[in-house]
Amino acid sequence: MMLKAKTPMTLEDRGTLNRGMSAVAKRQRFIETFTGWLYISPPTILFLVFGVFSLGFSIFLSFNRWSILRPMKFVGLENYAYLLRDPIFWNSLKVTSYFAVVAVPVTIALGMVIAFLLNRDIKARAFYRLMVYLPVVTSMISVGIVWRMLYDPEVGLLNYLLSFVGMPKQNWLGDPKLAMPSLIVVSVWKDLGFNVIIFLAGLQGISRTYYDAAAIDGANILRQFRHITVPLLSPTTFLLFILNTISAFRVFGSVFVMTKGEPLHATNVISYAIYATAFGDLQFGYAAAWSWVLFFIIFILTMLNFRFGERKVHYQ
Amino acid sequence: MRTRRLNLVVHIVMILLLLGMNLPFFWMVSTSLKAPKEVFTYPPKWFPETPILENYINAWNAVPFARYIFNTLVVALAKMSGHVFFGILAAYAFAKMRFRGAKFMFYLFLSTMMIPGEVNMVPGFIIIRAFGWIDTYRALIIPGLTDVFAIFLLRQFFLSIPRDLDDAAKIDGCGRFRYVVQVIVPLSKPVIFTVILFSFLATWNDFLGPLIYTNSESMRVVQVGIAVFQTKFAYDYAELMAATTMVTLPVIIVFLFVQRHFIEGITMSGMKA
């Protein structure tokens, strides 16, 4: 007897109780299964080709040396061994981690504060929300091109504005020490709105009574934020932390358009280095191995996030 | 009153913030309207002496912009259609049908959203090359013809359509496909609209895929187009900003018109995640 406790009974199930499946029911079940798979076949096919096969092929590639111009040569784990000895590889890890470690917490913290401020019942709220989100919908390429101009050492707006507080002209994108911070600023600027929107949604789930009770007890806004908002927002913060981290390790567009990995590899992040290796040096096997390392890093970071992060999350 | 004072603070902070957030866009447009010489004066001028449209004309002629836009629109239209059509079918199957492996496949699809696209750079290129699709519309359209995010959004919505409706239709002898077309789709217009929006925006802003899969000028899309433009005219800021404005303005305009839809879509998916 097939009583499925997990899902609610449908009309089809009713007909099978106490009787086992009749031929009609069996045929109906078959049509249902067939149609179901038919409906999900287009995404499934694409998934198989550009997901499964693609990744599998990438693994295979990583064990070979191939530059398209010459035949493929099997080299086993040599690509990986070479990678571990490659200073550019380690540099890319270092530089990308630097980016993530700064950009992610800043974007989350700012996002939380701004969402908290925006959550009040003020008339211009929708307008503010809109303006904060605008950088998110534009492309990294166009935004990067504009910021590159803003960062221009001679005529850029940023140096001009900073001259009012007495700061001398800086070479934002040309100085190895300033290049990555400059990219981080652009990244925070661009992604802030997304975090704000998600936080705003999370804030909806915090009952006003908590704040009212706290206000009665004499807590000021800062205290309310620290002891009510932050803990109760932690599920949202957790989610955003994961999403932001994954996204930070994938950074590519801003580097391509603003620095191309320079100066002196100061911004040669993992994705860009892979791109340069594959389409610049034409070392596809090596690039494939590198890609896998990136994949594992993101995978492990996400697992770690779940492991350690979830404990801190306070569910209501 | 405390609330009023706090609200004032909020307004001030917000206005400062928004000035900061939107300054780059203002500067982009302002520069695009300046005579090229004006761009290189220091201290920089906030507004052009006399706004000119020459930069736009020069940018338009310097590279085949019309072609870039045409390509992008073709790809966008195709992908939007694919996302909606295949998305509705798949989402319906996941939401309303019961078949072996349904749950597994759905979570499998969700997990692909976590895979960085950058990992697919290399094998994707080689697969496309093996198919002979390099530099064709097929390469730009087919790999992205379905979209897991669209399936996710649609499924969320379909789940909220009461089962009674499905049962009633079945009793009346309505076939599955007909049910989808004649009942589900009309009910889902807002979500479908959101899907179309996201698809259009994502395609217009798409960079990495087109960068890798196309190399001839006639097949470029707008994002690759302005990236190349910058390579050629790195310091012609006025023309560069004109080109960038042309590529960014459509996005901003579309967004301003439908922002509520957009933000609701993101919020919904964020909550469910």
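The values are calculated or read from the model by the stated rules, or taken from the named source; none is laboratory data. Fair warning: this is a prediction, and the values are worked out from it, not measured in the lab. Heads up, the Cβs are rebuilt from the backbone with ideal geometry, glycines too, and the neighbour counts pull from every protein chain shown. To get the accessible areas, we keep the full protein, side chains included, count just its heavy atoms, and leave off ligands, DNA and RNA. Shrake-Rupley method; radii C 1.70, N 1.55, O 1.52, S 1.80 Å.
Tabulated values for the structure
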{"read-out": "Fraction of the pair-distance distribution of chain B above 35 Å, Cα-Cα pairs, percent", "value": "35 percent"}
{"read-out": "Region B:199-273: radius of gyration over Cα atoms, expressed as a fraction of 2.2 N^0.38 Å", "value": "1.36"}
{"read-out": "Accessible area per residue in Å² at 1.4 Å probe, computed on region B:187-234", "value": "34 Å²"}
{"read-out": "Accessible surface, per residue, of region A:202-245 when the full set of protein chains is kept, probe 1.4 Å, Å²", "value": "56 Å²"}
{"read-out": "Relative frequency of Cα-Cα separations exceeding 21 Å in region A:23-179, percent", "value": "76 percent"}
{"read-out": "Mean accessible surface per residue for region A:113-195, computed with a 1.4 Å probe while every protein chain stays in place, in Å²", "value": "37 Å²"}
{"read-out": "Sites residue B:168 and residue A:120 - FRET efficiency at Förster radius 45 Å, r taken between beta-carbons, to 0.05", "value": "0.50"}
{"read-out": "Amide hydrogen neighbours beyond the local backbone of residue A:65, cut-off 5 Å, H modeled", "value": "A:73, A:74, A:75"}
{"read-out": "Residues losing 30 Å² or more accessible surface upon assembly, region A:198-213, compared with the chain by itself, 1.4 Å", "value": "A:198, A:201"}
{"read-out": "Set of aspartates and glutamates with alpha-carbon distance to residue A:26 below 14 Å, sequence-local pairs under 8 removed", "value": "A:12, A:13"}
{"read-out": "Solvent-accessible area lost in complex, 10 Å² minimum, residues of region B:206-225 relative to chain alone, 1.4 Å", "value": "B:207, B:208, B:211, B:212, B:223"}
{"read-out": "Pairs from B:96/B:170; B:79/B:189; A:169/B:45; A:94/A:177; A:190/B:45; A:177/B:45 whose Cα-Cα separation, in the structure shown, is over 20 Å", "value": "A:190/B:45; A:177/B:45"}
{"read-out": "Buried area at the B-A interface (accessible, heavy atoms, 1.4 Å probe, summed, Å²)", "value": "8700 Å²"}
{"read-out": "In Hz, Karplus ³J(HN,Hα) per residue of region B:250-264 (6.51, -1.76, 1.60; θ = phi - 60°; x = Gly, Pro)", "value": "x, 4, 4, 5, 4, 4, 4, 6, 10, 4, 5, 4, 4, 5, 5"}
{"read-out": "With every protein chain in place, region B:34-173: carbon and sulfur % of accessible area (1.4 Å)", "value": "66 percent"}
{"read-out": "Carbon and sulfur %, accessible surface of chain A computed with the full protein complex present, 1.4 Å", "value": "67 percent"}
{"read-out": "222 nm mean residue ellipticity, helices alone, for chain B (DSSP H n ≥ 4; -39,500 (n - 2.57); rounded to 500)", "value": "-23500 deg cm²/dmol"}
{"read-out": "Calculated over region A:194-243: convex hull of Cα atoms, volume per residue (Å³)", "value": "64 Å³"}
{"read-out": "Kyte-Doolittle at least 0.5, axis length at least 20 Å by Cα - qualifying DSSP helices, chain A", "value": "A:87-118, A:176-204, A:234-249, A:284-304"}
{"read-out": "Of B:164, B:147, B:135, the one that fluctuates the most in a GNM where chain B has Cα springs shorter than 10 Å", "value": "B:164"}
{"read-out": "Rg followed by Dmax, in Å, when chain A is reduced to its Cα trace", "value": "26.2, 87"}
{"read-out": "Rg/Rh ratio calculated on Cα atoms of the protein assembly as shown (Kirkwood radius)", "value": "0.99"}
